[in-house]
1. Could you identify the single residue in LEU143, LEU123 that is over 19 Å from LYS219 (Cβ atoms), at pLDDT 75 or above and surrounded by 12 or more Cβ atoms within 10 Å (Cβ to Cβ)?
2. Among the residues of the stretch 355-367, are any modelled with pLDDT under 90 and under 30 Å from GLY410 (Cβ atoms)?
3. Scanning for something part of a strand (DSSP E or B) and surrounded by fewer than 13 Cβ atoms within 10 Å (Cβ to Cβ), does the stretch 216-235 turn up at least one residue?
4. Hey, any hits in the stretch 152-173 for a residue that's surrounded by fewer than 17 Cβ atoms within 10 Å (Cβ to Cβ), among the hydroxyl-bearing types (Ser, Thr, Tyr) and closer than 17 Å to TRP209 by Cα?
5. Looking at the stretch 254-295, which of its residues are buried (at least 18 other Cβ atoms within 10 Å of the Cβ), among the β-branched types (Val, Ile, Thr) and part of a loop (DSSP other than H, G, I, E, B)?
6. Does the stretch 126-162 hold any residues that are free of Cβ contacts under 8 Å to residues at least 24 places away in the same chain and at positive phi, and which are they?
7. Test GLN205 against the stated conditions and say whether it is of a type in the set (S, T, N, Q), at pLDDT 90 or above, over 30 Å from ARG265 (Cα atoms) and open to solvent by less than 40 Å² (accessible area, probe 1.4 Å).
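The values are calculated or read from the model by the stated rules, or taken from the named source; none is laboratory data. Because the structure is a prediction, the values reported are computed rather than measured. Cβ placement follows ideal geometry from the backbone for every residue including glycine, while neighbour counts extend to all protein chains displayed. Accessible surface is based on the protein model in full, side chains and every heavy atom, while ligands, DNA and RNA are left aside. Shrake-Rupley method; radii C 1.70, N 1.55, O 1.52, S 1.80 Å.
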Amino acid sequence: MVMERALCIDKNLQTEAMKSEAEAALSQDHPGESVRIGHPCSGSTLAVPRHPPACLGWQRMSQVFPADLAPVGVDSRAGSSEPALSCFLSLVSLLLILRGAQQSATVANPVPNPVPGSNPDLLPHFLVEPEDVYIVKNKPVLLVCKATPATQIFFKCNGEWVRQVDHVIERSTDGSSGLPSMEVRINVSRQQVEKVFGLEEFWCQCVAWSSSGTTKSQKAYIRIAYLRKNFEQEPLAKEVSLEQGIVLPCRPPEGIPPAEVEWLRNEDLVDPSMDPNVYITREHSLVVRQARLADTANYTCVAKNIVARRRSASAAVIVYVNGGWSTWTEWSVCSASCGRGWQKRSRSCTNPAPLNGGAFCEGQNVQKTACATLCPVDGSWSPWSKWSACGLDCTHWRSRECSDPAPRNGGEECQGTDLDTRNCTSDLCVHTASGPEDVALYVGLIAVAVCLLLLLLVLILVYCRKKEGLDSDVADSSILTSGFQPVSIKPSKAGGVPPPPALMPGPPRQDLCPRQDGPSPKFQLTNGHLLSPLGSGRHTLHHSSPTSEAEDFVSRLSTQNYFRSLPRGTSNMAYGTFNFLGGRLMIPNTGISLLIPPDAIPRGKIYEIYLTLHKPEDVRLPLAGCQTLLSPIVSCGPPGVLLTRPVILTMDHCGEPSPESWSLRLKKQSCEGSWEDVLHLGEEAPCHLYYCQLEAGACYVFTEQLGRFALVGEALSVAAAKRLKLLLFAPVACTSLEYNIRVYCLHDTHDALKEVVQLEKQLGGQLIQEPRVLHFKDSYHNLRLSIHDVPSSLWKSKLLVSYQEIPFYHIWNGTQQYLHCTFTLERVSPSTSDLACKVWVWQVEGDGQSFNVNFNITKDTRFSELLVLESEGGVPALVGPSAFKIPFLIRQKIITSLDPPCSRGADWRTLAQKLHLDSHLSFFASKPSPTAMILNLWEARHFPNGNLSQLAAAVAGLGQPDAGLFTVSEAEC
């Protein structure tokens, strides 16, 4: 058997390579075989028989006999019978091979192979070696080799020499060493690589020659780059609870080079270095340690290499929040003041509120329990006892006890006396002659009478002396007591508004002098309260004589005609003419009013002031972002009038005020028509022109500039809620088979309710259920309405879908009126008059209400009286003292007494605390009269149904036991 190997070497290539090939071939111990070594360029071959191991030593010696190699054509058969001849032929063959190696360099091993006797420093070393490359699509790749010193460089790919014509050779001289250098480049095409693709990897290597030997470069592997289209594993959509871990697996498509993986969250790159809550594993999975609400997004796995970029299908991850109950409220008071009743407490699913499809709280939100209150038992008299025997004084008596039953549990005591005495002889009692004991009795009685008379004279003298040291004009405090009587708000038919009792001409009096601290002689008021409380108790207050100016003021008050009310204009407007005494404007049934305190209008000025309610569609109020209108839009004017004290504008709002949920702002329209934020609630400056007292359903705006105002809220969280009033209306009379139930969803304000009631009055509608309140949250979920349990034997619903829906924005922006849905029912028979069904109104993933409708459509009107509006012909304007609950003189006295600071705390600050207004102390303190601001706010909040007794008790509670709170100096009086 003969193994053929052909080495095609250029004529300029030295035959050292042939020598190496021969040596490598002959070094294999295969007796009986021969190796054919040829020179393809010349066409001659040499068959060298393999030699036995004994000849190897001779073969190794062949290196020391360099000679020129000439093409030979000797062919020896393997398996010769004579070993000596075989060895001889092998030795001759080697000598012939080594003969041509005089000008060649050997490349037999990865390390340099120097020629014996040569300089090892002149062996080639590579400046540039071929590197691993990838073929992208059909573009060939370039391999570069550079070595110095080098006389020849050739590429060898997958064990085969690359043709010379495929080499691009550049020769140069190394500038530093002066040695020759050589740079060779070849292109490798995709077709060349595909020939061996799948069998083994395609590689190329450089072989460099010099006069000192040969050197081989590192192998460079050429691979065809690709990236398949389909992912081996794609991420899947998930729903996880808050703070739960998330793992999104991703196995990229197969490719060369292997694909790099990155993750996108809503098309934004996920960078674990920027977010410590996420990381990417070695298997390319995305891990979120603790899910947050912000992690709700679409996630995409992206694989890429030098060929292509692949995207997986997006996986939607939803982080939901399961609802949690808030703490229970306190138990309500017992529903029955006497006997058995019930009380309840409630909780809400807001800790936290369910979000993104999270589970609603399980269990009840309201708990009820029975309660019992002991009923008060009034005492009652037992029967009278029998009359006693007639005594010496000609009388007899009988008694009774308050024990049938005895008073208990706070019941009233028995009224009347428990002892009854009468004459027992019908006034015919006969007395015997006076004895010595009767004389002693009479003498004792006379002595007692004389002593009492003397004591009375002494008391009179003491009283007269004390009175001499006081002012002669001391009046009873009936003026204060009479001043705290209810004031009628009906206007006078005679034209002017009569002054209240406290301002009617009467006994000479004088205002209370302010308290002064100094050495001047003082005297005190009596030990009583500042105000005489309503009831049977009386306290006195000292006054001095009035001046002629006060008498003129009272006479002018009753004669001037500009204090009359001006009830003109539409139902949403009020006018009035006012001077320094102030007054009040009210729009009936809207909760909107304007209080003009005394001295708010400069003295000598007379203003005609108006108050108007606007419909939202008539005024363009721009709302930005999540802002919503919480109050009606109200105008008071004319703008630009001079005010010396703030007036108070009162209007309803439908927000659930909470600093954590709302950012509330008061907007005012400028003269140019643009709306401006004039007040940010919670960040008011004490000296600001505007201030607001915000309560559960109303806001009180202090302003020194009239104009157009509105309260706007911006939700800070999904917990922000608006109160919606839900009303169910239906026709009073049904003349056809169809019957419509209209469900209104309004802002919970008086003005919105008034508009709907007036509209339904025109449509001939009536209220069929008690109104309910629904808390509508800023969750971007719509409001749904549905009707259920309609008796199919009597009625047929024409609703084609399971529910109707009002879009979230229509409700949230607050500028659309009369939002409602209509449910049309059809009677099976004209005689059907009884209707029983359920109407549900709820916000998706929010609050809801249910109405149980059960009434007779022809004669049931039991709910109609719930929304009866007050007469529109009331008094829209009140002027002068009749507009205030507190009489003018008493108001001035309270202001004079409480404005000066008191070291004991009995001043306006204590009054503000008693009236629960201590959160506004800085605002009150910034005004010339803090007490006046407090009383003005009390007037705005409590008119016309304010309890004067409570205010009197609060003011009276400021007195001290030593009566040192109100002192006046003799010089001031």
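1. Working: LEU143 fails: over 19 Å from LYS219 (Cβ atoms).
Answer to the check: LEU123.
2. Taking every residue of the stretch 355-367 in turn, at least one turns out to be modelled with pLDDT under 90 and under 30 Å from GLY410 (Cβ atoms).
3. Checked the stretch 216-235: no residue is part of a strand (DSSP E or B) and surrounded by fewer than 13 Cβ atoms within 10 Å (Cβ to Cβ).
4. Checked the stretch 152-173: at least one residue is surrounded by fewer than 17 Cβ atoms within 10 Å (Cβ to Cβ), among the hydroxyl-bearing types (Ser, Thr, Tyr) and closer than 17 Å to TRP209 by Cα.
5. If the condition is that a residue be buried (at least 18 other Cβ atoms within 10 Å of the Cβ), among the β-branched types (Val, Ile, Thr) and part of a loop (DSSP other than H, G, I, E, B), then VAL270 is the only one that fits.
6. GLY159
7. Spelling it out, GLN205 is indeed of a type in the set (S, T, N, Q), at pLDDT 90 or above, over 30 Å from ARG265 (Cα atoms) and open to solvent by less than 40 Å² (accessible area, probe 1.4 Å).
Yes/no per residue for (1) closer than 30 Å to SER658 by Cβ; (2) touching a residue at least 60 places away in the same chain (Cβ under 8 Å); (3) exposed (fewer than 15 other Cβ atoms within 10 Å of the Cβ); (4) not aliphatic (A, V, I, L, M):
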position	(1), (2), (3), (4)
GLY341	no, no, yes, yes
ASN351	yes, no, yes, yes
ALA359	yes, no, yes, no
THR373	no, no, no, yes
SER382	no, no, no, yes
SER399	no, no, yes, yes
